[in-house]
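Please treat every number below as a calculation from the coordinates, not as lab data. These numbers were taken from a predicted model, which means no experiment stands behind them. Glycine also receives a Cβ, built like all others from the backbone with ideal geometry; neighbour counts cover every protein chain displayed.
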Amino acid sequence: MLVAPSVLSADFGNLERDVKAICEAGCDLVHVDVMDGHFVPNLTLGPVVVSAIAASATKPLDIHLMVENNTFFVELFAPLKPEFISFHIEEEKNPHRLIQYIRSLGIRPAIVLNPHTPAEAVEYLLSDLDMVLVMSVNPGFGGQSFIDTVVEKIKRLDSLRKCINPDCLIEIDGGVSDKNIAMLKDAGVDVCVAGSYVFKHESFKKAIDSLHV
């Protein structure tokens, strides 16, 4: 299991310290939630702050766009050369075109599914994706409880990717902890995003280690 702590739960008064600390503690990716106040009712990080995160991180960035006008935001963050940029299928009219565009920038493309969106929504895109991010909370705010019904969706998605593109990763975001990580791995998850669980833990290393199952 790869672990991608979400900096949305970091101490923003000490962001450089926290980003360096999670990297030193053994995370695999640094998850960055970008929200525009339109697609979700929250505003978070613009390119100036994310650029500072990138400068502090020794692990690759995993940028999750929760925005309208995806292409505009891809162009804003592409110069930072993140490992992944993910966008929501619910918001994008031309997902295949955007997937190809992200890949042309040397970035691995990923699509996000909200809790109510079925796995089948990405079936005909799987062959072109490097990752599918399944939201196990409604996007917009950290610290929410895990929505149990997404586990069956993960299993369905795992079945689809095994047939279409076994190299496509499955990522989970929302309510992840040591209590459900083994179940999520069994369902087919490869990458977990953990915000509150990591940043509110007494030890970043112990929290990250407990998710490396």
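Here is how the numbers come out for the structure above:
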item: Binned Cα-Cα distances of the stretch 159-213, short to long, each 10 Å bin given as a whole percent; result: 24, 48, 21, 7, 0
item: Per-pair calculated FRET efficiency, R0 = 41 Å: Ala55 and Ile147 via Cβ, rounded to 0.05; result: 0.75
item: Average Cα contact separation per residue, the chain, under 8 Å, 6 or more apart, as relative contact order %; result: 22 percent
item: Within the chain, longest stretch clear of exposed trypsin sites (Lys or Arg not before Pro) (DSSP loop, no more than 16 other Cβ within 10 Å); result: 1-92
item: Within the stretch 2-211: Cβ-based charge dipole about Cα centre, in debye rounded to nearest 20 (Lys, Arg +1; Asp, Glu -1); result: 240 debye
item: Simple Cβ-charge dipole of the stretch 84-123, Lys/Arg +1 and Asp/Glu -1, about Cα centre, in debye nearest 20; result: 260 debye
item: Per-residue [θ]222 nm for the chain (sum of -39500 (n - 2.57) over DSSP H runs n ≥ 4, rounded to 500); result: -9500 deg cm²/dmol
item: Given charges at beta-carbon only (K, R positive; D, E negative), |dipole| of the stretch 52-116 in Debye; result: 280 debye
item: Mean-position separation - Cα centroids, the stretch 1-56 and the stretch 177-199, in angstrom; result: 18 Å
